[in-house]
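Asker: Next up is a structure, given as structure tokens.
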Amino acid sequence: MDVQTIKTMLGITTDRHDAYLKEVIPLFIDFAKDYCNNRFLVDGAENLPAGVKLFVAKAIEFNMAPSNLSARSMGDVSYSYETELPESVMRHLKPYRRLRVV
């Protein structure tokens, strides 16, 4: 996955977030691999399924949006943010999970 693919999926038309996207795309791909216990290898090459690509795009969108503010107070200014990815984002990975053999 590359920056341009994510920008197209999310409808981003500026280059303002390119540096951020370059940093987080590999992080969310690694998160998906670890969560699913799946390397997504086909004939030795990484081949991400559509659901994983959608997860990466939605996870990036969630982290970029200021809407993950969960609480705010006015006196002495205090903000709280939701840091866990919501179920609506995580559900894209469920079909690709594998059991971990110990």
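Values quoted throughout were computed directly from the atomic coordinates according to the rules given, and no laboratory measurement underlies them. These figures come from a predicted structure and were not determined experimentally.
Asker: Grab the Cα-Cα distance for Asn63 and Glu46, subtract it from 0.36 nm times how many residues apart they are, and report the gain in nm with one decimal. Kindly include the intermediate steps, with their values, before the conclusion.
Answerer: Working: separation 17, 0.36 × 17 = 6.12 nm, distance 2.48 nm.
Length gained between Asn63 and Glu46: 3.6 nm.
Asker: Now, a different point. Could you go through the stretch 43-53 in sequence order and give the Karplus-derived ³J(HN,Hα) for each residue, using 6.51 cos²θ - 1.76 cosθ + 1.60 with θ = phi - 60°, rounded to whole Hz, and x for Gly and Pro?
Answerer: Here the 3J(HN,Hα) series is 6, x, 10, 5, 9, 7, x, 4, x, 6, 4 Hz.
Asker: Here is a follow-up. Across the chain, how many lysine pairs, 8 or more apart or on two chains, come within less than 12 Å at their alpha-carbon atoms? Don't jump to the answer; show the numbers that get you there.
Answerer: Working: Lys7/Lys22; Lys7/Lys58; Lys33/Lys53; Lys33/Lys94.
For the chain, qualifying lysine pairs total 4.
Asker: Which value, in Å³ per residue, describes the convex hull spanned by the Cα atoms of the stretch 3-96?
Answerer: Considering the Cα atoms of the stretch 3-96, their hull volume per residue is 121 Å³.
Asker: Shifting gears a bit: Taking only DSSP H segments of four or more residues, each worth -39500 (n - 2.57), what value at 222 nm results for the chain once the sum is divided by all its residues, to the nearest 500 deg cm²/dmol? Show your work: numbers first, answer last.
Answerer: Details: 4 runs with 46 residues, N = 102.
Calculated at 222 nm, the ellipticity per residue is -14000 deg cm²/dmol.
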